[in-house]
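Data first, discussion second: the structure below is written as structure tokens.
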């Protein structure tokens, strides 16, 4: 969008914004708490849509590779069909690099597409592993485990140990813990503060979807900073 009304905004107007920077600028210029809350919710929705879009694009690319590996790619119905039948009759067991059929190599290299549940569990396992040495942190989910803000602080402190003294944190002061974690992550990792401490302390437990989205954004920011290494895709 070239320009955005100063507010208030309709749900459709916010949903039409596909640029994270635009929403971040709108949050900075918001005059009231209600406006910031609405804009942060719109930013969370946009981030989630972008995540789903990237997962769908990745799945489509991998599906194309699998289709090519079985010889069913468009433009080669004859030979491809025969090669597919031959592969079904003779299962491939040779390791990569010891077969002359390039389609077999592609099939062996192509991993199974991770679904949403697998990605969520992998991120939860990553959080648990990174915060395991920290006292008072026991991450079992993306909701109650982050209720007092200490888990957020532990995760940020793991990558920025000089930013603050973890031993001084008080689990009975969740608002301060949330603010410390989010402000530090934004300042040092470039991770936008998608969550509002005031919103979180009013909830009996944090919304797991909001926490999950924030952790994804924090992880992405760490990758961009080179603080987390990811496996190269084939």
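The values are calculated or read from the model by the stated rules, or taken from the named source; none is laboratory data. These numbers were taken from a predicted model, which means no experiment stands behind them. Every residue, glycine among them, receives a Cβ derived from its backbone with ideal geometry; neighbour counts consider all protein chains shown.
Run residue 225 past the list (1) buried (at least 18 other Cβ atoms within 10 Å of the Cβ); (2) at pLDDT below 95 and report the number of the one that doesn't hold.
Failing condition for residue 225: (1).
Given the conditions (1) within 15 Å of residue 209 (Cα to Cα); (2) in contact (Cβ under 8 Å) with a residue 24 or more places away in the chain, and given that residue 140 satisfies all but one, which numbered condition is not satisfied?
Status for residue 140: all satisfied but (2).
Quick one: would you say residue 119 is outside the structural domain of residue 208 (by TED's automatic domain parsing), surrounded by 14 or more Cβ atoms within 10 Å (Cβ to Cβ) and at pLDDT below 95? Quick ask: steps written out before the conclusion?
Details: outside the structural domain of residue 208 (by TED's automatic domain parsing): no; surrounded by 14 or more Cβ atoms within 10 Å (Cβ to Cβ): yes; at pLDDT below 95: yes.
No; evaluated as a whole, the condition is false for this residue.
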